[in-house]
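Colleague: Handing you this structure, nothing more for now.
FYI, it's all coordinate maths here, none of it is from the lab. From a predicted model like this one, the values you see are computed outputs, not experimental measurements. We place every Cβ from the backbone using ideal geometry, glycine too, and count neighbours over all the protein chains shown.
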Amino acid sequence: MNVTYACPACEVGVRLTFDSKTPALVCPHCGERLAISGDAVAGDSVKRCLSCPSTDLYVRKDFPQRVGMAFVAAGVIGSSIAWYYMDVYWTFGILFATAIADFALYIVVGDALMCYRCQSQYRGVKEMNSHDSFDLEMHERYRQLAARLEQ
Ligand SMILES: [Zn+2]
Ligand SMILES: [Zn+2]
């Protein structure tokens, strides 16, 4: 399993591997140590966030946004060229093909765990059934909390 988080001390994005025996996350940039509490990681599952005190994590598709955007852009450019040459079949063929490719990618990419509070990402976690998918209400609650803390 690995975690990507922003170090609370130096704010650099850190990516570290861990398992249930890892005692702490140590920032390779500044050496800041985040102790992993005993109940946080159990076997192949993550029970709570490792870089903040939150227990609210959600499951989302680990979809590389840039790749998705590239597909959409390729579809738009390709179909515009076909449209320019007045070829209706190619225009819709290209749009359709990129939509299929997008969908196929969505199927093959794995899931990642995300923390509502600090946006840490957990990959390679095998057991995620104990976590729900994204909940807008929960997201909003944390967003407001963060806004209040900033004031
Ligand atoms: Zn650091
Ligand atoms: Zn967190």
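Colleague: In µm²/s, what is D for segment 101-151 at 37 °C and 0.692 mPa s, where D = kT/(6 pi eta Rh) by Stokes-Einstein and Rh is the Kirkwood radius from Cα pairs?
Modeller: My calculation gives 252 µm²/s for D.
Colleague: Follow-up. In what sequence do R141, R15 fall when counting other Cβ within 10 Å, fewest first?
Modeller: R15, R141
Colleague: Treating cross-link reach as a plain straight distance, find the lysines whose alpha-carbon is under 20 Å from the alpha-carbon of K61, omitting any fewer than eight places away in the same chain.
Modeller: Filter leaves K47, K126.
Colleague: Moving to a separate point now. Full-extension gain between Q144 and V12, please, as 0.36 nm times their residue separation minus the C-alpha to C-alpha distance.
Modeller: 45.1 nm
Colleague: Give me log10 I(q)/I(0) at q = 0.12, 0.15, 0.21 Å⁻¹ for the chain, Debye formula, one equal scatterer per alpha-carbon, no solvent.
Modeller: -0.65, -0.84, -1.26
Colleague: If you don't mind, another one. Is any helix in the chain, taking whole DSSP H runs, at least 20 angstrom long along its axis by alpha carbon and on average at least 0.0 on the Kyte-Doolittle scale, and which ones?
Modeller: 65-84, 88-108
Colleague: How large is log10 I(q)/I(0) at q = 0.21, 0.22, 0.28, 0.34 Å⁻¹ when the Debye formula is applied to the Cα atoms of segment 65-107, each weighted equally and without solvent?
Modeller: One equal scatterer on each Cα of segment 65-107 leads to -0.59, -0.64, -0.87, -1.09.
Colleague: Return the single residue from Y122, Y84, Y58 with maximal mean-square fluctuation; model: Gaussian network over the chain, springs between Cα atoms under 10 Å.
Modeller: Ranking Y122, Y84, Y58 by mean-square fluctuation puts Y84 first.
Colleague: What length, rounded to one decimal in nm, is gained on full extension from D39 through to V108, with 0.36 nm per residue of separation minus their alpha-carbon distance?
Modeller: Value of the extension gain: 21.7 nm.
Colleague: Using the Kirkwood radius over Cα pairs, work out the Stokes-Einstein diffusion coefficient for segment 1-77 at 37 °C and 0.692 mPa s, in µm²/s as a whole number.
Modeller: Diffusion coefficient, whole number: 227 µm²/s.
Colleague: To continue, here is another question. Identify which of V26, V14, V88 has the largest mean-square fluctuation in a Gaussian network model of the chain, with springs joining Cα atoms closer than 10 Å.
Modeller: Of V26, V14, V88, the most mobile in the Gaussian network model is V88.
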